[in-house]
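Participant: Shown below is the structure under consideration.
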Amino acid sequence: MRKILILLTSLIVLLNSWPVSAQEPLRLPAVEVKIYPEFDRRAVLVITKLSLPPDLSLPATINFRVPADSELNAVAVDSPEQGLVNAYYEMTPGEMWNTLAIRATTPTVWVEYYAPLQIEGIQRFISYQWPGDMEVDSFVVIFQVPRGAENVSTTPMSQRSEVDSYQLRNLIMPVVSLDVNESYAFSARYEKADDQLSASDVQIEPVIPLEETGGQVPLMDALPWTVGVLGVALLVFGLVVSFSFRKDGKQSSRRVRQRRASKEPHDQGKSEETARYCPACGNRARPGDQFCRTCGVRLRQEEKYK
């Protein structure tokens, strides 16, 4: 039991010393926002890449806000060995923003969500806003022009353009730096006469299925409760085992006494068979005596009581 208590105490101390949250507000070296309207559905796919400070102690929990009317698609971290892997998070709903508490285990975090697309006939309207929770040294927005779109305009105006792997034109906005609580607004409009999606033949799967992660408690946050439940179970088990040993010990002692008591008459009869008496005075001799303790006559070894 003592070893079990020492082990549980060590685990609790380790968990209490584990870093659980990043200091706010964070200063991010870089943020890249990709806006893909009508990419794989009739909505706006927003992909945000957050580069965390190099001196940030990991793992850490960072808070990031997404629009309340958006549909979260994926939360991931970029591992150099495995690529994009699942990230644990909690989502707290709000009136205008939903707050994600993301468990960051690598310096790069990805957040993907779908925002509504405003459609009026052939006209399409898009608006994006950076919440401004963190200071950013290098902030850039990349807008993917949908397949078949015409008369495209953006605010701010793009600085340059390039063609991506889908053979679609990407408009790249000027890079800016943002202070804490400084928001960034982007808007775009274009005309599109058909409903063809830019990647209709591409299957896009979320990194983490929403039904498995929505409102999910991070593993390390749930671990203290798990250890606590395990500790209580081990303590109860130890008490039961200890009580059983004591009970079995008492029963064993009782059985030994009973066995001794049952042997006493037999042992007494056996002792009577092997007893010796003095041939002179008749007094009973003790085992090992050579002479009678009463009269001093030498005892004969073959003299036995039968």
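Participant: Output the strands (runs of 3 or more DSSP E) that fall wholly within the stretch 27-102 and possess 2 or more residues being acidic (D, E), assigned by TED's automatic domain parsing to the domain that holds I142 and surrounded by fewer than 18 Cβ atoms within 10 Å (Cβ to Cβ), or say none.
Facilitator: Values: elements: 27-37, 44-51, 60-67, 71-79, 83-86, 89-92.
Answer list for the stretch 27-102: 71-79.
Rundown of residues vs (1) over 25 Å from I172 (Cβ atoms); (2) touching a Ser or Thr at 6+ places or on another chain (Cβ under 9 Å); (3) in contact (Cβ under 8 Å) with a residue 40 or more places away in the chain, yes/no style:
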site	(1), (2), (3)
Y36	no, yes, yes
F39	no, yes, yes
L45	no, no, yes
L50	no, yes, yes
D55	yes, no, no
L58	yes, yes, yes
E71	yes, no, yes
D78	no, yes, no
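Participant: Here is a further query. Can you spot a residue in the stretch 66-77 that is closer than 24 Å to R27 by Cα and among the charged types (D, E, K, R)?
Facilitator: no
Participant: Would it be correct to say that I119 is more than 18 Å from the chain's Cα centre (by Cα), closer than 28 Å to E38 by Cβ, surrounded by fewer than 20 Cβ atoms within 10 Å (Cβ to Cβ) and in contact (Cβ under 8 Å) with a residue 12 or more places away in the chain? Before the answer, list the steps.
Facilitator: Numbers: more than 18 Å from the chain's Cα centre (by Cα): yes; closer than 28 Å to E38 by Cβ: yes; surrounded by fewer than 20 Cβ atoms within 10 Å (Cβ to Cβ): yes; in contact (Cβ under 8 Å) with a residue 12 or more places away in the chain: yes.
Judged against the criteria, I119 is a match.
Participant: Which residue is farthest from the chain's Cα centre (by Cα), if the candidates are limited to the stretch 86-113 and must be closer than 16 Å to Q129 by Cα and among the aliphatic types (A, V, I, L, M)?
Facilitator: In this case the residue turns out to be M96.
Participant: If I filter the stretch 120-128 for residues that are in the same structural domain as S51 (by TED's automatic domain parsing), assigned to a strand (DSSP E or B), out of contact with any helix residue (DSSP H, G or I) (no Cβ under 7 Å at 6 or more places or on another chain) and more than 20 Å from P146 (Cα to Cα), do I get at least one hit?
Facilitator: Of the residues in the stretch 120-128, the ones in the same structural domain as S51 (by TED's automatic domain parsing) are 120-128.
If we keep only those that are assigned to a strand (DSSP E or B) too, we end up with 120, 123-128.
Checking the rest, the ones that are also out of contact with any helix residue (DSSP H, G or I) (no Cβ under 7 Å at 6 or more places or on another chain) come to 120, 123-128.
Those left that are additionally more than 20 Å from P146 (Cα to Cα): none.
No: the stretch 120-128 contains no residue that is in the same structural domain as S51 (by TED's automatic domain parsing), assigned to a strand (DSSP E or B), out of contact with any helix residue (DSSP H, G or I) (no Cβ under 7 Å at 6 or more places or on another chain) and more than 20 Å from P146 (Cα to Cα).
Participant: Taking Y113 as the residue in question, decide whether it is closer than 18 Å to V44 by Cβ and at pLDDT below 95. Even if it seems obvious, please write down each step before you answer.
Facilitator: Values: closer than 18 Å to V44 by Cβ: yes; at pLDDT below 95: no.
Spelling it out, it is not the case that Y113 is closer than 18 Å to V44 by Cβ and at pLDDT below 95.
Participant: Among the residues of the stretch 130-166, write down those that are exposed (fewer than 13 other Cβ atoms within 10 Å of the Cβ) and in a strand (DSSP E or B).
Facilitator: Correct list: E150, N151, S153, T155, R160, S161, E162, V163.
Participant: Sticking with this one: Checking the structure you have, find out if any residue of the stretch 90-102 is of a type in the set (F, W, Y) and within 22 Å of S183 (Cα to Cα). So that I can check it myself, show each step before the final result.
Facilitator: Just the residues of the stretch 90-102 that are of a type in the set (F, W, Y), to begin with: 97.
Going one step further and asking which of them are within 22 Å of S183 (Cα to Cα), we end up with 97.
The answer is yes; a qualifying residue exists.
The values are calculated or read from the model by the stated rules, or taken from the named source; none is laboratory data. Predicted model, so just to flag it, every value in this text is computed and none were measured. So basically every Cβ, Gly included, is an ideal-geometry build from the backbone, and we count neighbours across all protein chains shown.
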